[in-house]
Amino acid sequence: MVLAPLRGPPDGMYVAVVGPGTVFKEKREAPGMRRYTTGLRGRLLLLVLLAVVPAFALMFYTAVRDQHRAARNAEHQALGVVRLAAAEQNQLIAATRQLLITFSQLPVLKPASSAAACHQTLAALREPYPYYANFGVATPDGQMYCSALPLSHPVNIADRRYFRHALRSRGFGIGDYQVGRITGSSAINFGYPIFDSKGRVEAVVFAAVNLSWLRRLIIGTALPAGSVVTVTDSQGTVLAAYPKAAREVGRSIRGSALFDAILAHPDIGLAKVVGPEGILRLYAFAPLRDSSSRSAYVSVGIPEAVAFAGARKDFVRGIALLLLAVILALLSAWVGSVLFVLRPVNLLSAAARRLGAGDLGARTGLSHGPGELGQLARSFDDMASALQRVHRARKTLSAGNRIMVRATDEQSLLVEMCRIIVEVGVYPCAWVGYVEHDQEKTVRLVAQAGFEGGLAALASSIRVSWGNSDHGHGPAGMAIRSGLPCVAQNIVTDRRFAPWREMFTRCGYAAAGAFPLHGDGQVLGILVIYSMSADAFDEEEMDLLAEAAQDLAFGIATLRTRANHDRAHETIRHMAYYDQLTGLANHINLQERLQQILRAPDTGRSPLALLLVGIDRLREINDALGFDQGDLVLKKVGERLCSVMAESEMIARLRGDEFAVLLPGRDAAYAVQAALRILDALDAPLALSDLVLSVSAAVGITLAPEHGTEATHLIRNGDIAMNQAKKLGSRHAFYDPAQGKDSRQRLALASELRRAIEEGQMTLYYQPKVGFKTGMVCGAEALIRWFHPRRGMIPPDEFIPLAEQTGLINPLTDWVLGEVARQTAVWRAAGLGIAVAANLSARNLRDPALVDKVRRLSAAHNAGAGWLELEVTESAIMDDPDTAWDILVRLSDMGIALFIDDFGTGYSSLGYLRKLPVDAVKIDKSFVLEMLTNADSEAIVRSTIDLAHDLGLKVVAEGVEDQATWDRLVDFGCDVAQGYHISRPLPDEQFAAWLRDAGLAADVPRG
């Protein structure tokens, strides 16, 4: 509030400006009631009263809002339980579908087997699944063949919905919630056909799922007191209830307000109704199964009184406190209005009038105490000082920063900066020039603003050099040579401006400031600003303009770095997605495209075929004619494939002598025709140097969804089919599922893997890593081995993917981390301190307890920073970037070095990679192994090293198998090597002995 005297009558009229649009007038007169009601103090009291009116209104508004919020919270809580129940059932349906598919493959369940054996098998399979009321098998006429529960009499299920659907669709069938003829309890039934060897349906296996899962889910959900959960069928009969199950089950609520609301909202809905027991509740409901039948509904009701209880209590308490605050505020305003308000307000008003008249030296003269008026006086005085000091230069700096944020290219940034200096800073002219390293050491003008005639006219009017010549003695040349800002306060009298004095005099320029633009450790250019007034650039203004020049230089460097990164990003992306020899798509490109098609919404209605083409005798051509001729054969094969396939059909080179052809929307018949076209095209003689060769090939055909619904599975199955065609001497072959791994064997192996982790069948081998520059051991990688008591050593490539699929990768990783912590502690005690790297998978990066596990291991073994390194692949990070970023940052904060493993085999955003707290990248050994014989692999290795170094990361090369590879990596500037050329992976005791023998220095040549 500001007080100021009004000009006019001599009776002492004052104006009090309280806020926008609010003006009160006070007239001095004799004391009395009118004085108290019209004076400043009375008005302060009135303002206090008026101020609390919104508070009361806000209190009532808050009460209403809190009630609405409480209602919404209750509805959302109920709706969350409903959705959770629906989601739980959907998961249960999906699990049941997979379970029945597995059951359909069991020979013992087929009608040709023994009914007793079938019953015994189903009874055994039902024991670990508490949610399943029964399993059974029925013949196509509906007659029950065998059941997990005893059959006291013949049962026919031919009228059941799920049974008819399974027979009709030859797929998964879902029934209604109903009382089972065998179980005698409410359940939902599912069916899946069993096929004979000729693909005919010979039986239907079914599963009955009871509602016990729903009670477990509700018990685990914290619902308010008095809440009810009810499951009803489509006729309104209660199938399950909580908490009064015994009294409610079997009762009909048809015709009740709740059931009418459910019928009015066939999908998820909300309603506030009086329940069957007469209590007003907020209900949320949804069908338990997403289908047209809507066979059952789940509803959750929360009493309205319980939902609103907290809001009503808060309202009463708030009203009482507000009344007390109003009384105290009125008393304080009455006593302190004169003492603490009137005098400071008058002083503030006088200072405001002086500042408004243009006197930037106006000050309040008040003490800058801790009170509001003292702080207001401080703010006023500080504001006046700031306005006096930095008004013009700061506007220029601020506007320049804004345009740098929006700049997308270098030239527009320079032009906009010059325009801002002229228009916002009110300087007559500004220009930017770049340093040229030619013989004359010229400065090339690239942007300007304010000079009549534009950039070309300015460049022809002045000639600037940064050399020691007449044109290099001005502020621009001196600033470039010294790297410091330079100013000429009077152009007319400054002899350094002799070459340009006539032009500057004509334009009216009186002073000039030059500010160097630094980048990459040198002066890359100059920013020059002219003023119409002599002695215009004081010290503070020069500092601010120098800061603007620094920001401009940073913007230039940032845009150039961004441009370089974009070019490198595009180069690496092309290298990551396309084969460098043939120009065709590579394995990663094919896999991503195939996965994209498979995940499209209409994939289930559209067929797909994938052809794997394997070229015969390519190794013989390489051995006889050289790799360059072998590469020429691959190029010509790629050209012939492109010549016989349509543009919409993707052609890729996978590896070595293998190609792939993706046929979206095509069936088996078309796939065979395409395979024959390819083989015919390759049969034509191939001219190679002075030879004419005949190239033969074999084609493997795999179909979706018959042979798989995942890209990796289809590619693998196509490769199996191609190899099978070669084995059989056939030109093409379809994938035969019998050639794949047996599913029961994989299940057994998964069970044995869990026992292997628990019983200590795993062990760790350690492979050292050596620095190229020092030859010293700088770490080791822990590699897991499984020594099976019967099968011997099982390769990691066989059980690691299985661990990923079954969820055992987390306990397996926990065991590895624990063993690494224990072993490194033993080595530290023996004087062999060394960092050991362990691998993390995508599942590990989604484990919220991972960081705490590592922290506990460090504390348990008294391990400081540096005992552990963690390696994670690009694909694992990009599987869930946000979660991965959080986990990696927390691990990095603990002092754990992070490595990107198998770098180059996947594709991640380089911008995102730059943000990750990683310390190094590991080049995949497939590139390192082929580096000496494959120019593309060599280019990938070299560019990866350069890019990583640009990002400030170290580089580890895997697969260093010989001295030649070592020497080439030294030439590329690689940091760390790992491979058999240094040492094979060794058990812990042999590795410790190797370290002692080497004295922690690997005996590896240094080039």
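Quick look at the numbers
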read-out	value
Theoretical FRET efficiency, 1/(1+(r/R0)^6), r = Cβ-Cβ of HIS713 and SER252, R0 56 Å, to 0.05	0.65
Length-normalised contact order for segment 513-563 - Cα pairs under 8 Å, 6+ apart - percent	39 percent
In sequence order, calculated HN-Hα J values of segment 564-580 (Karplus, 6.51, -1.76, 1.60; Hz; x Gly/Pro)	5, 5, 4, 5, 5, 4, 5, 5, 5, 4, 5, 5, 6, 10, 9, 6, 6
Computed FRET value (nearest 0.05) for ARG856 with GLU989, which takes r as the C-beta separation and R₀ as 30 Å	0.65
FRET E, pair SER234, VAL889, Förster distance 60 Å, beta-carbon r, rounded to 0.05	0.70
Set of aspartates and glutamates with alpha-carbon distance to LYS244 below 13 Å, sequence-local pairs under 8 removed	GLU277
Part-to-part distance (alpha-carbon centres) for segment 148-223 and segment 803-861, which is given in Å	44 Å
Accessible-area composition of the chain, carbon plus sulfur, in percent [1.4 Å probe]	54 percent
Cβ-placed point charges (K, R +1; D, E -1), dipole of the chain about Cα centre in debye, nearest 20	4640 debye
Cα-based Rg / Dmax (Å) for the chain	40.7, 124
Label-to-label distance, nm, for residues given as VAL179 and THR505 (7 Å Cα→Cβ offset)	11.6 nm
Those aspartates and glutamates that a straight Cα-Cα span of less than 19 Å connects to LYS395, excepting residues fewer than 8 apart in one chain	ASP382, GLU416, GLU423, ASP538, GLU539, GLU540, GLU541, ASP543, GLU547, ASP551
Computed [θ] at 222 nm, helices only, for the chain once each DSSP H run of length n ≥ 4 contributes -39500 (n - 2.57)	-15500 deg cm²/dmol
Inter-probe distance in nm under a simple model that places probes 7 Å from Cα toward Cβ, at ASP997 and ASP260	9.0 nm
Dipole-positive endmost among TRP966, ALA698, LEU92 within the chain (Cβ charges, Cα centre)	LEU92
Positive-end extreme of charge dipole, segment 583-739 - chosen from GLN591, PRO685, ILE615 (charges on Cβ)	GLN591
Mean separation of Cα contacts under 8 Å (6+ apart) over length of segment 763-998, as relative contact order %	20 percent
Whole-Hz ³J(HN,Hα) from phi, Karplus 6.51 cos²θ - 1.76 cosθ + 1.60, for segment 366-374, glycine and proline x	8, 5, 8, x, x, x, 4, 5, x
The chain, relative contact order in percent, only Cα pairs under 8 angstrom and at least six apart counted	5 percent
Potential extension, ARG495-THR62 segment - 0.36 nm per residue separation minus Cα distance	148.4 nm
When each of LYS636/LYS726; LYS635/LYS727; LYS110/LYS726; LYS272/LYS313; LYS769/LYS915 is checked by Cα-Cα distance, pairs over 30 Å	LYS110/LYS726
Accessible area per residue, Å², segment 583-739 with all protein chains present, probe 1.4 Å	48 Å²
Amide proton proximity set for GLU869, modelled H, under 5 Å, gap of 5+	VAL836, ALA837, ALA838
Which of ALA669, MET645, ALA624, positive extreme of dipole for segment 583-739 (C-beta unit charges)	ALA669
Amide H contacts under 5 Å for ASP176, placed H, 5+ residues apart	ARG161, TYR162, ASN189
Karplus 3J(HN,Hα) series, Hz, for segment 199-209 with 6.51 cos²θ - 1.76 cosθ + 1.60 (x for Gly, Pro)	x, 8, 6, 10, 5, 10, 9, 10, 9, 10, 9
Magnitude of the charge dipole, segment 394-564, Cβ model with Lys/Arg +1 and Asp/Glu -1, debye to 20	280 debye
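The values are calculated or read from the model by the stated rules, or taken from the named source; none is laboratory data. All of these numbers come straight from a predicted model, not from anything done at the bench. Cβ sites come from the backbone with ideal geometry, for glycine too, and all protein chains shown count toward neighbours. Areas reflect the complete protein model, heavy atoms only, side chains present, ligands, DNA and RNA absent. Shrake-Rupley method; radii C 1.70, N 1.55, O 1.52, S 1.80 Å.
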